Amino acid sequence: MKRVSLPFLLLVGQLATACGSNAPTIDPGGKLKDLKIVAPTTPATGSAQPGADPAKEVATLRQKMGEVWARNTNLRADVTLYVKDVNKGAVESAKLDYWFQKPSSTALLIKEHTKTAAAGTKMVWMGGSKVGIKTKFIGFWVKTNLDEQDDRLRDARGDSLSDTAVPKMMQALLDPQAQVALVGRGEYKGRPIAQISLKSKFMVKGVESERIAIDTGNYLPVVREMYQKGQLTYRLQLESIKINVHEPDAFKLD
């Protein structure tokens with residue numbers, strides 16, 4: 001937004017042990033029922049899904065995404081996140097309020113988390129070496145700053161906030177050397193989308209491939225999935241996306 005991540009697993013885990021218990025899984029990591037895809041066809045296989053040539057369609061999608069990325073300065077979205085360490089089996093999922101402001105400022109407010117004590121925690125990263133955190137500990141709100149590369153600010157995969165930030169995602173999506181193909185067209189939560197597969201040198205470490213669903217009405221990515229060893233290792237779902245909104249308090253911890 002490697003992914004827009006939930007980067008403070010260890011810190012949250014410590015707080016949850018003291019203050020809360022595990023909540024039901026928010027995203028279990030299975031197939032998304034709201035994401036419906038029909039594979040493209042070719043002249044050799046028929047025209048069950050008419051439309052532009054898949055290669056040309058992918059090129060157009062990426063061009064339009066690049067144009068949208070270039071002309072807009074910020075976004076706000078409701079996010080559902082799933083992260084799994086496929087080597088150790090650790091899993092976390094969450095619902096977040098999410099803000100991004102160019103060039104590299106990110107703010108996250110946790111609404112739900114698999115560790116219930118994390119609810120209400122806010123993180124603000126302005127692209128520098130520090131991340132501001134506001135969270136509740138034994139009934140009291142506390143604020144602190146941690147190094148962005150602090151192990152306590154890494155997600156279940158071990159990725160940092162900078163690894164999965166929006167600029168890194170767009171760098172992979174728009175990489176001119178990337179291997180990109182059209183997976184299919186369909187809809188996500190009633191909106192028309194096209195899904196592409198992606199392999200890029202700018203993907204998060206350990207990730208072997210990605211699939212990105214792009215809203216063909218506004219050319220914004222709405223579902224980003226990463227795969228490692230043939231398994232889903234990360235998924236970011238974005239809803240209620242707003243572009244160029246003025247929310248000056250979004251990047252404050254007060």
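The values are calculated or read from the model by the stated rules, or taken from the named source; none is laboratory data. Just so it is clear, the model here is predicted, and its values are computed rather than measured. So basically every Cβ, Gly included, is an ideal-geometry build from the backbone, and we count neighbours across all protein chains shown.
Please find, among ALA181, ALA194, the residue that is surrounded by fewer than 19 Cβ atoms within 10 Å (Cβ to Cβ), in contact with a strand residue (DSSP E or B) (Cβ under 9 Å, 6 or more places away or on another chain) and within 21 Å of MET226 (Cβ to Cβ). Among ALA181, ALA194, only ALA181 is surrounded by fewer than 19 Cβ atoms within 10 Å (Cβ to Cβ), in contact with a strand residue (DSSP E or B) (Cβ under 9 Å, 6 or more places away or on another chain) and within 21 Å of MET226 (Cβ to Cβ). The set of residues in segment 92-110 that are buried (at least 16 other Cβ atoms within 10 Å of the Cβ) and not small (Gly, Ala, Ser) comprises GLU92, LYS95, LEU96, ASP97, TYR98, TRP99, PHE100, GLN101, THR106, LEU108, LEU109, ILE110. The residues listed here are LYS199, LYS136; of these, the one that is surrounded by fewer than 22 Cβ atoms within 10 Å (Cβ to Cβ), at pLDDT 95 or above and touching a Ser or Thr at 6+ places or on another chain (Cβ under 9 Å) is LYS199. Residues in segment 216-248 that are outside any loop (DSSP other than H, G, I, E, B) and over 15 Å from the mean Cα position of the chain (by Cα) were compared, and the one that is surrounded by the most Cβ atoms within 10 Å (Cβ to Cβ) is GLN228. Summed over segment 111-132, the residues that are surrounded by fewer than 22 Cβ atoms within 10 Å (Cβ to Cβ) and not polar (S, T, N, Q) give a count of 11. Counting residues in segment 79-88 that are within 30 Å of GLN231 (Cα to Cα), part of a strand (DSSP E or B), modelled with pLDDT of 95 or more and in contact with a helix residue (DSSP H, G or I) (Cβ under 9 Å, 6 or more places away or on another chain) gives one or more. Where strands (runs of 3 or more DSSP E) sit wholly within segment 105-210, those with at least 1 residues that are hydroxyl-bearing (Ser, Thr, Tyr) occupy 105-113, 130-137, 140-147, 179-188, 191-199.
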